[in-house]
Protein chains: 4
Amino acid sequence: MPEPVRRAAVITHGKRETIGPALDRLEAAARASNVELLLPQDEAAKHDLEQDGGDPSQADLVAALGGDGTMLSALRRFLGTATPAVGVNFGSVGFLTSIPEDELEDGLNRIFAGEYELVELPTLDAHAVDDRRDAVNDVVATSSTLGRMIELAWSVGGESLGSLRCDGLISATPSGSTAYNLSNGGPVLVWGLDAMAVTFVAPHSLRARPLVIPRGRDLVVTNETPDVWVTALADGHVFSEIPPGGTMTVRLGPQRTLLATLPESTFFSRYRQTFAG
Amino acid sequence: MPEPVRRAAVITHGKRETIGPALDRLEAAARASNVELLLPQDEAAKHDLEQDGGDPSQADLVAALGGDGTMLSALRRFLGTATPAVGVNFGSVGFLTSIPEDELEDGLNRIFAGEYELVELPTLDAHAVDDRRDAVNDVVATSSTLGRMIELAWSVGGESLGSLRCDGLISATPSGSTAYNLSNGGPVLVWGLDAMAVTFVAPHSLRARPLVIPRGRDLVVTNETPDVWVTALADGHVFSEIPPGGTMTVRLGPQRTLLATLPESTFFSRYRQTFAG
Amino acid sequence: MPEPVRRAAVITHGKRETIGPALDRLEAAARASNVELLLPQDEAAKHDLEQDGGDPSQADLVAALGGDGTMLSALRRFLGTATPAVGVNFGSVGFLTSIPEDELEDGLNRIFAGEYELVELPTLDAHAVDDRRDAVNDVVATSSTLGRMIELAWSVGGESLGSLRCDGLISATPSGSTAYNLSNGGPVLVWGLDAMAVTFVAPHSLRARPLVIPRGRDLVVTNETPDVWVTALADGHVFSEIPPGGTMTVRLGPQRTLLATLPESTFFSRYRQTFAG
Amino acid sequence: MPEPVRRAAVITHGKRETIGPALDRLEAAARASNVELLLPQDEAAKHDLEQDGGDPSQADLVAALGGDGTMLSALRRFLGTATPAVGVNFGSVGFLTSIPEDELEDGLNRIFAGEYELVELPTLDAHAVDDRRDAVNDVVATSSTLGRMIELAWSVGGESLGSLRCDGLISATPSGSTAYNLSNGGPVLVWGLDAMAVTFVAPHSLRARPLVIPRGRDLVVTNETPDVWVTALADGHVFSEIPPGGTMTVRLGPQRTLLATLPESTFFSRYRQTFAG
């Protein structure tokens, strides 16, 4: 079991009102567990807190209040550090969060006491034109023009796999496999797998099938559309625009994210919960 | 067998260069068959033709030079008239066209002689906010904001079918069933069926399945996303923007398009040809 | 609203114990509504009833106690008559039944009073080798040898669609579309559609897609496997064995089944209920 | 580059006539390369060869003449040894074979000279009732009774994933992922991945999705059908019958198969070739 937490950084949902009085509840829980809270400047500003939030890089743990989007922010922000993140779910999708909203106090109490498990998850390393980005869930190439198909050539490990007209292409980690990848017919990659799934969005071909690629093989995507640009997104955020002829490379990255979860909140328990509805 | 053609209207691909010298070839073929060509003003202007193009509404037939997009324009333009359209394929997708590019002369010669079959195809009648549009292939509701999911509630024939988070929703006629609908896992509706397919684009739900709906039942789609607008497209062209809370209604319309095809160019021969690659 | 029921035939689940004391409950409900029950001989024998069951062909309605399998039996048995069937669901799947088990008394009371709607559903007419069969839900061609793939050639309306290696092929009516067809990726055909879906079982091809075929076009399936026979099933019951080179023809048949349903028990309410779990 | 081959064992298609004069061609090629051929007794008998076939366990390589079925036999037969297998394709499916039939001489000449690459592929270790079996491609649990659905409960790594009515369940290695798994909507696992895919056959549920499971987590499948047995197959061969209540366990096994392939015959070149048709 990990050491008890002494200092916890806080990341909250982009819209302050989404989490309601959760910050007060977190503060009470932290006080009860003798945990010091450290707020990044932007968080302190968002919540109109005047006091100095402390240095988040000193945190033993990050507590994220929000949905999967907030967790993705927290995980990306602390990528490359040894600080794990735990999520309290205030969103509609909570695959990455471990604690339901109404169990915030009890859940955090246990986490702060060190009663958690660490899950290491692979990330993606994406290069497009002159931009580089890490992604926790997925990297997506999609048409920049609404209603216009694109044509993408693709290769894996240096071998050409031809080209396809489609709306886009998704490269997903195991944690991302149950998000946009699943919506497009991609497989569920059980956590623990060191691989990425490649799935097309609305392929105008009968032959496209989802592929699962092991670490070590790069995916290279080329925009072969003569007159439409391709937008590259990492975890849902635009990070590059790929002109006709331009390429994007995606590989499993050297970084791993660290997720702190309650022992009972396993991959499969989340899977059942999220998709039961 | 239909009467021989005496007057043919001409519709060409949006980009003049796509069809190359095809207009000259069409003119020669028309001369040989004693057929008068009638150009709509916009077509005459596009091809720098000074002479008066005649009145296209007097045409016995429309000849479309281009791909499926050009055929869709031709079919929509003559919707509600008794004038059928025949297509010569200069595009990458030619499901609606009947004559391959290199058989233009022979194919049109046969068509002009009345050696063709008429195929009636149902259309869609779409209302969104204050806009109305006919569609030959499909009506699509899609997120107006790149990278943002939408939530759509939907009902069929007055019965609610719940709501789904997704990228969009497609309502397709039989002719549209092999286009965007097929790319999203929808079924092929054999020509002759008087029905529409409803298929979600990237549904974030395990339960969404394509539905085939007979004439007489309206599909009503409501944008339940609090903060994202939904764009409505008919045959790939934007015709309305649906605000949060706004709705779109799609039904099989009273109009039918008229396709003139060579007898050997059946639905299944096109299907095999288009999807063999 | 239909006339009140005076005489009702009874069909029960194959295993007497599945419906428990339901027959007694049905008898009580019939007495209360002044309805005479007519038992086919096999039903009377199964339930050890000595009295003469009357002539079921005189019935105004058939009451089926069981699941969808029992309803299929009832519908097939009364095919070609004007007698509708209503189902009380004692099975695990109740798409065709209208009354939940625990609402037997109230539901039948309303049905007996004529408070029901009539739904006409198309059937399939299947010929294989020298055998002919009507099917309410589906006709399936499947390998007769466990673990051995078959190769099927197929044509629709006289046009060849090639051949495929697969485990089998399903031809489904709208009522059958939510059964085995759906399990194999076929579309949901909304009741009211006069069409059949054709879906392959485990096609060893990337190009197979479900097709929806309007009335009037025959599906012909040929067993092209050199050394494996193909078993033909109608509504789950084997009715023919097709040797190498033999064919099966399936078309929408002239007969229609008549379903009596409570007004609130619509297609979509069943759909939601059945697939909510 | 591996050492040149001095002794090669031979495995041929089950039906002698399938490979025609290929054995003679192989013998000529072996003589030209100074390679001694070693025939297992059953092979010598099948081909009416009187001479002693030598001891196959002394072989540097196995040459398989046939399709994927023959390769699977060869790979299973030499499982646990250091002897790789190379295939010449005489079958309709040749995903595991490296040499097309008409390039037998040239291909084997290069292979015998050591011009090949070794591909290690994971295998499955399956236990059902009292039976155990290794599988190179896949382990399948399927209804023992034609036309009868089964109900399977399943768990992964000790966690229950519920139960499903279906026709069966497939557990596939990367080499098996492009076989029966792909026919049932499972993903392609690129060679090099140390994982297995789990895919249901005709699941009567809207929620079943293919899963990819890393090494170290066992899949346990329980036959929950009250009255139907489940047949267990490894690489298409029945190896056990599972009664109601009985279980089967499948895991990635300790053994790996060794495939010898021509350098240009990569995973993706086979993938394109096999699925181009």
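The values are calculated or read from the model by the stated rules, or taken from the named source; none is laboratory data. What you are looking at is a predicted structure, and each value in this text was computed from that prediction instead of being measured. We place every Cβ from the backbone using ideal geometry, glycine too, and count neighbours over all the protein chains shown. Surface areas here come from the heavy atoms of the whole protein model, side chains and all, with no ligands, DNA or RNA. Shrake-Rupley method; radii C 1.70, N 1.55, O 1.52, S 1.80 Å.
When region D:1-48 is filtered for residues that are open to solvent by less than 50 Å² (accessible area, probe 1.4 Å), farther than 18 Å from D:ASN89 by Cβ and assigned to a loop (DSSP other than H, G, I, E, B), the ones remaining, listed by number, are D:PRO2, D:VAL5, D:SER33, D:VAL35, D:LEU39, D:PRO40, D:HIS47.
Is it the case that D:VAL5 is more than 27 Å from D:VAL139 (Cα to Cα) and of a type in the set (Val, Ile, Thr)? It is true that D:VAL5 is more than 27 Å from D:VAL139 (Cα to Cα) and of a type in the set (Val, Ile, Thr).
Taking (1) crowded, with 20+ Cβ neighbours inside 10 Å; (2) more than 20 Å from the chain's Cα centre (by Cα); (3) under 17 Å from B:VAL156 (Cα atoms) in turn, B:THR225 satisfies each apart from (3).
Taking residues in region D:194-218 that are of a type in the set (S, T, N, Q), and partners anywhere that are open to solvent by less than 10 Å² (accessible area, probe 1.4 Å), the pairs with Cβ atoms closer than 6 Å and at least 6 places apart or on different chains are D:THR199/D:ILE170; D:THR199/D:ASN181; D:THR199/D:GLY186. Counting residues in region D:100-111 that are within 20 Å of D:SER269 (Cβ to Cβ) and touching a Lys or Arg at 6+ places or on another chain (Cβ under 9 Å) gives one or more. Only strands (runs of 3 or more DSSP E) whose full extent lies in region B:175-277 are considered here, and the ones with at least 1 residues that are more than 14 Å from chain C (Cβ to nearest Cβ) are B:195-201, B:219-223, B:230-234, B:237-242, B:247-261.
Residues in region A:64-81: is at least one over 28 Å from A:VAL190 (Cβ atoms) and acidic (Asp, Glu)? For region A:64-81, residues over 28 Å from A:VAL190 (Cβ atoms) and acidic (Asp, Glu): absent. The one condition from (1) in a helix (DSSP H, G or I); (2) among the small types (Gly, Ala, Ser); (3) closer than 20 Å to C:GLU120 by Cα; (4) open to solvent by 40 Å² or more (accessible area, probe 1.4 Å) that C:ALA82 does not meet is (1). Among the residues of region A:49-79, those that are in a helix (DSSP H, G or I), open to solvent by 70 Å² or more (accessible area, probe 1.4 Å) and of a type outside the set (Ser, Thr, Tyr) comprise A:GLN58, A:ARG77. Among the residues of region C:228-257, those that are more than 19 Å from C:VAL156 (Cβ to Cβ), open to solvent by less than 60 Å² (accessible area, probe 1.4 Å) and over 16 Å from the mean Cα position of the chain (by Cα) comprise C:VAL228, C:THR231, C:SER240, C:PRO243, C:PRO244, C:GLY245. Inside region C:258-269, can you point out the residues that are more than 16 Å from C:LEU72 (Cα to Cα), buried (at least 17 other Cβ atoms within 10 Å of the Cβ) and touching a Phe, Trp or Tyr at 6+ places or on another chain (Cβ under 8 Å)? Correct list: C:LEU262, C:PHE267.
Of all the criteria given as (1) under 22 Å from D:LEU72 (Cα atoms); (2) at pLDDT 95 or above, the one not satisfied by D:TRP191 is (2).
Can B:THR123 be described as in contact (Cβ under 8 Å) with a residue 60 or more places away in the chain, of a type in the set (Val, Ile, Thr), closer than 19 Å to B:THR247 by Cβ and in contact with a Gly (Cβ under 8 Å, 6 or more places away or on another chain)? No: the conditions fail for B:THR123.
Condition test on B:SER171, is it open to solvent by 10 Å² or more (accessible area, probe 1.4 Å), more than 8 Å from every other protein chain (Cβ to nearest Cβ) and in a strand (DSSP E or B)? Against the criterion (open to solvent by 10 Å² or more (accessible area, probe 1.4 Å), more than 8 Å from every other protein chain (Cβ to nearest Cβ) and in a strand (DSSP E or B)), B:SER171 does not qualify.
Within region D:107-131, the set of residues being of a type in the set (A, V, I, L, M, F, W, C) and open to solvent by less than 20 Å² (accessible area, probe 1.4 Å) comprises D:LEU108, D:ILE111, D:PHE112, D:LEU121, D:LEU124, D:ALA126, D:ALA128. Taken over region A:35-66, the criterion of being in contact (Cβ under 8 Å) with a residue 60 or more places away in the chain and more than 20 Å from A:LEU96 (Cα to Cα) is satisfied by A:VAL35 alone.
Among the candidates B:GLY186, B:GLY158, B:GLY192, the residue that is open to solvent by 20 Å² or more (accessible area, probe 1.4 Å) and either within 30 Å of B:LEU118 (Cα to Cα) or among the hydroxyl-bearing types (Ser, Thr, Tyr) (or both) is uniquely B:GLY192.
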